[in-house]
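Below is one structure; the comments refer to it alone.
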Amino acid sequence: MGRRGGVDSYAARMRKSAHRVRVALRRSGVDYFRGDGSDWIALAGLLLTVPAIAFGTIVNPVWCAPAALVLPIVAGGLLLRPASLLSLYAAAAGALIVESVVLGPYTQGPARVTPGTVLVVAACGFFGLLIAQFRARVGVPWRRGGTMLFDLRERIRVQSALPRLPAGWHREMALRPAGGQSFSGDFVVAARTNGGRTLEVLLTDVSGKGMDAGSRALLLSGAFGGLLGSLPPHGFLPAANAYLLRQDWDEGFATSIHLVLDLESGDYELLSAGHLPALQLHAGSGRWEEKAAEGPLLGVYDGAEFHPVKGSLRPGDVLMLFTDGLVESADRDIAEGIDRLTGEADRYVAAGFEGAAWHLIEACAKDVNDDRALLLISRKG
């Protein structure tokens, strides 16, 4: 019985030890692929490939050329930290020396270690080190960099989503970043407040365009989204202006237009911070009217005041909010751009404005190298 118990306890201890090893390996693997753990697993694997490639080169240099050592070096530039790369480079240099000694001088035949081979391997190592240093400075491993950017883009898209409106209302938005990029300096935040009766929408154009303005737009969209609905409508732009001033950015200004719409009566207020006027289509006359509120740019000076302009959307009326990239370009001024925008929008009056936002950007500013955003809100007749 004592012997059997000793065997059982020994087997139990071995199972526990094996379980701890599996857990440790799994945890190391998860941390590594999240970018939080050590890179010793990747370093060990790449160090093993170096002598394997050197052996293949010595055995058959025609099919396994000496330049094949760039493969673990390139992989190391993507997977390893700069300190670990030095060990890999030392192993690759040693492999080149061994290959040149065994294969003989490059002047005695093909498939030898030539000066060009050494230069190619050294150049790949140099660029790999630059990539590794950049990743170490940013703190984002290549395995998660693309995922993080995708997540940021999706968060901007979700934050820009317009809330569902009650029957009798239609809303849509189109956003086109400069140069076909995924990040834009134009963004929209919206919320239904006052028990769902009021729609508040903020369209903002951050200074700059594309990726240059995308990081600031992401920060501001989160901050403005938290402020929207938490403050009285007339207190929002002053609070946004104070927030932007506290950032102390070199390019710290932005333009915004804030719409406060009563979904039961159709009455609205527009507050502007240096933004272009909104355009309202009056269904009765078929004419477009500019609705321009007064207010300075956000982030320019403290104590700015913003004066609203009021209006009302009747059945069949349409309200358009847009950024300057849609109506301004190098070969035309804003007035001409607004005339073109209203002319293109007139084509949708009879059929309705379903899907019109995207088509209006295509028609008016398809090839403009600037961020473009257009918001349409219509009250059905």
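The values are calculated or read from the model by the stated rules, or taken from the named source; none is laboratory data. These numbers come from a predicted model, not from an experiment. Reconstructed Cβ throughout: ideal geometry from the backbone, glycine too, with neighbour counts over all protein chains shown. Surface accessibility is based on the protein's heavy atoms, side chains included, excluding ligands, DNA and RNA. Shrake-Rupley method; radii C 1.70, N 1.55, O 1.52, S 1.80 Å.
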Would you confirm, using the coordinates I've provided, whether Gly225 is closer than 23 Å to Pro163 by Cα, in a helix (DSSP H, G or I) and open to solvent by less than 50 Å² (accessible area, probe 1.4 Å)? yes
Residue pairs qualifying under the 9 Å Cβ cut-off, at least six apart or on distinct chains, with the first in the range 346-366 being within 22 Å of Ala330 (Cα to Cα) and the second being acidic (Asp, Glu) and in a helix (DSSP H, G or I), are His359/Glu344; Leu360/Glu344; Ala363/Glu344; Cys364/Glu344
Are there any pairs, at least 6 apart or on different chains, whose C-beta atoms fall under 6 Å, with the first in the range 102-128 and closer than 17 Å to Thr57 by Cβ and among the charged types (D, E, K, R) and the second modelled with pLDDT under 80 and surrounded by 12 or more Cβ atoms within 10 Å (Cβ to Cβ), and if so, which? Arg112/Tyr106
Is it the case that some residue within the range 313-329 is in contact (Cβ under 8 Å) with a residue 60 or more places away in the chain and either in contact with a helix residue (DSSP H, G or I) (Cβ under 6 Å, 6 or more places away or on another chain) or part of a helix (DSSP H, G or I) (or both)? yes
Single match in Glu305, Glu269, Glu290 (criterion: open to solvent by 20 Å² or more (accessible area, probe 1.4 Å), in contact with a helix residue (DSSP H, G or I) (Cβ under 9 Å, 6 or more places away or on another chain), assigned to a strand (DSSP E or B) and over 27 Å from Asp370 (Cα atoms)): Glu269
Name the residue, out of Ala95, Ala24, Ala11, that is assigned to a helix (DSSP H, G or I), open to solvent by less than 100 Å² (accessible area, probe 1.4 Å) and at pLDDT 75 or above. Ala95
Could you grab me the full set of residues in the range 74-86 that are open to solvent by 60 Å² or more (accessible area, probe 1.4 Å) and free of Cβ contacts under 8 Å to residues at least 60 places away in the same chain? Val74, Arg81, Ala83, Leu86
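Suppose the filter is of a type in the set (Ser, Thr, Tyr) and open to solvent by 70 Å² or more (accessible area, probe 1.4 Å); does Ser285 pass it?
yes
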Could you check the range 330-345 and list, in sequence order, the residues that are in contact (Cβ under 8 Å) with a residue 12 or more places away in the chain and of a type outside the set (Val, Ile, Thr)? Gly337, Arg340, Leu341, Glu344, Ala345
For the structure I just gave you, tell me whether Phe353 is modelled with pLDDT of 90 or more and among the aromatic types (Phe, Trp, Tyr). no
Might you let me know whether the range 65-73 holds any residue that is modelled with pLDDT of 85 or more, within 37 Å of the chain's Cα centre (by Cα), surrounded by fewer than 20 Cβ atoms within 10 Å (Cβ to Cβ) and not aliphatic (A, V, I, L, M)? no
Output for the range 278-287, where each listed residue is farther than 23 Å from Ala373 by Cβ and either modelled with pLDDT of 95 or more or not in a strand (DSSP E or B) (or both): Ala283, Gly284, Ser285, Gly286
